[in-house]
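The values are calculated or read from the model by the stated rules, or taken from the named source; none is laboratory data. What you see is a predicted model, and the numbers here were worked out from it, not measured in a lab. We place every Cβ from the backbone using ideal geometry, glycine too, and count neighbours over all the protein chains shown.
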Amino acid sequence: MKKRIPALGALRDFLLLWASQTVSALGTAMTDYALIVWVYGQKGTASSLTFLTLCSFMPTILFRFIAGALADRWNKKRVMLLADLAAACGTAAVFALHSLSALRVWHLYIINILLSFMNAFQVPASFVATSLLVPKEHYARAGGLQSFSGSAVSILAPALGSALLAFGGLPLVLACDLASFAVAFFALLFFIRIPEAKREGKESREPFVQSCLDGVRYLRGHSALLRLTLFLTLVNFLAKLGNDGMISPFVLGLTGNNQRILGAVQSAVALGLLAGSLVMTLKKPPKEKAKAIFLSTAVVFSGNIVLSLTRRPWLWCAASFYSYALAAVMNVNLTTVMREHVPVELQGRVFSAQDTLKNGAIPLGLFLGGALADHVFEPFMASDSPFQALLSRLFGSGSGAGVGVMFFCAGVLGVALSLTCLGKPVYRALDANRSTE
């Protein structure tokens with residue numbers, strides 16, 4: 001007990017930031033859910049929802065390099081306050097337009113683009129702020145808490161958003177979001193002190209374009225981190241071809257559009273993330289974090305294989321639960337490795353470079369996954385051929401069977417990729433408590 005009290009004291013500012021930002025994230029997630037319901041009620045098309053998601057996703061990726069460089073140069077607290085304020089202004093604008101019966105779907109597209117732009121600055125600033133607030137020995141615990149809160153928000157937001165919509169409609173959801181913003185904003189403004197990272201004098205004199213590319217240069221100069229980033233890029237691509245991107249058409253196709261079963265599988269995903277995050281918060285971090293990343297990723301992809309070879313919903317739920325529990329373990333270890341091996345004054349740029357590279361494959365994976373499912377695998381599994389007859393013994397036939405074949409292929413490739421990287425000597429530097437130079 002005596003050892004835990006100093007630890008809590010050392011994490012005081014971080015815990016206050018984490019708790020207040022979690023409240024704000026819950027309010028934002030409830031608004032996102034309510035607006036999806038509202039947009040679908042206005043348009044009734046899937047494309048309107050996917051475009052809304054695209055508006056929230058692409059500006060963050062496109063401006064992340066610039067934002068990372070500025071986040072390293074600017075005061076982290078001010079960046080986070082401005083980003084929170086911009087988010088609140090976006091919610092207030094939606095509230096005002098809806099109150100005047102003037103809200104249109106295109107308004108939400110524009111607001112989401114602007115908020116995504118601000119999020120490009122918020123994320124690297126928050127990443128560096130956590131590194132500045134948390135002692136090195138508690139990096140894994142802090143990452144576990146952040147992952148835990150993110151999972152909890154993903155579980156609670158749809159339920160609370162639905163309840164608030166039923167009780168008071170969209171205005172009540174927006175009002176709760178604004179209240180949650182006030183909690184986070186004033187907690188950060190008055191009660192949290194974020195120390196400034198030490199910077200070398202030459203950094204302020206270096207050309208801005210060169211500063212934006214510092215993150216890429218750092219990764220190129222540190223082979224283990226660069227290879228790990230490229231590994232994650234392939235992982236994200238394969239994941240979108242598998243259950244991370246195609247779970248809905250797989251389950252709905254095989255169950256005759258049974259949304260209750262899909263809901264159960266998605267709940268298992270959220271609970272798995274929650275469980276994995278909780279484990280990483282409470283347990284002592286592994287000494288060999290790189291090995292933990294590759295082993296947990298191999299287990300994650302094994303879930304694709306299990307999903308593809310069974311038709312029992314409870315097995316789908318079980319595979320989804322353990323896959324995403326290990327995904328949380330992988331993500332926390334990855335975050336810890338980055339904090340341990342990148343100087344804090346460079347973390348905004350390096351994090352942004354890594355995030356851009358590893359997430360850049362996601363749109364391609366989503367696009368290619370949909371195209372392969374609709375035009376290659378599903379038509380093939382609905383055809384009549386000797387090879388199809390052989391595959392149907394394993395994956396069944398009809399709607400959803402082609403996506404099952406995709407799951408199996410993505411799972412096998414993901415497991416093979418992870419186990420191959422596990423034996424590479426270059427990653428041993430990441431398991432040493434030192435720079436990867």
Could we say that residue 185 is touching an Asp or Glu at 6+ places or on another chain (Cβ under 8 Å), surrounded by fewer than 19 Cβ atoms within 10 Å (Cβ to Cβ) and modelled with pLDDT of 85 or more here? yes
May I ask you to list the residues in the range 162-182 that are among the hydrophobic types (A, V, I, L, M, F, W, C) and under 21 Å from residue 84 (Cα atoms)? 170, 172, 173, 174, 175, 176, 178, 179, 181, 182
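Let's see how each residue does on (1) at pLDDT below 90; (2) surrounded by fewer than 19 Cβ atoms within 10 Å (Cβ to Cβ); (3) part of a helix (DSSP H, G or I):
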site: 26; (1), (2), (3): no, no, yes
site: 33; (1), (2), (3): yes, no, yes
site: 40; (1), (2), (3): yes, yes, yes
site: 47; (1), (2), (3): yes, yes, yes
site: 51; (1), (2), (3): yes, yes, yes
site: 57; (1), (2), (3): yes, yes, yes
site: 63; (1), (2), (3): yes, no, yes
site: 85; (1), (2), (3): no, yes, yes
site: 90; (1), (2), (3): no, no, yes
Surrounded by fewer than 17 Cβ atoms within 10 Å (Cβ to Cβ) and in the same structural domain as residue 66 (by TED's automatic domain parsing): does that describe residue 135? yes
Any idea which of 129, 125, 140 is under 18 Å from residue 346 (Cβ atoms) and at pLDDT below 90? 125
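For every residue, the table says whether it meets (1) under 30 Å from residue 66 (Cβ atoms); (2) of a type in the set (Gly, Ala, Ser); (3) surrounded by fewer than 24 Cβ atoms within 10 Å (Cβ to Cβ).
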| site | (1), (2), (3) |
| --- | --- |
| 307 | no, no, no |
| 310 | no, no, yes |
| 329 | no, no, no |
| 338 | yes, no, yes |
| 350 | yes, no, no |
| 357 | yes, no, yes |
| 361 | yes, yes, yes |
Quick test for you: out of 333, 257, pick the one residue that is modelled with pLDDT under 95 and surrounded by fewer than 18 Cβ atoms within 10 Å (Cβ to Cβ). 257
Among (1) under 17 Å from residue 352 (Cβ atoms); (2) aromatic (Phe, Trp, Tyr); (3) in contact with an Asp or Glu (Cβ under 9 Å, 6 or more places away or on another chain), there is one condition residue 95 misses while meeting the rest; what is its number? (1)
Taking the stated definitions as given, is residue 115 part of a helix (DSSP H, G or I), under 21 Å from the mean Cα position of the chain (by Cα), assigned by TED's automatic domain parsing to the domain that holds residue 128 and crowded, with 17+ Cβ neighbours inside 10 Å? yes
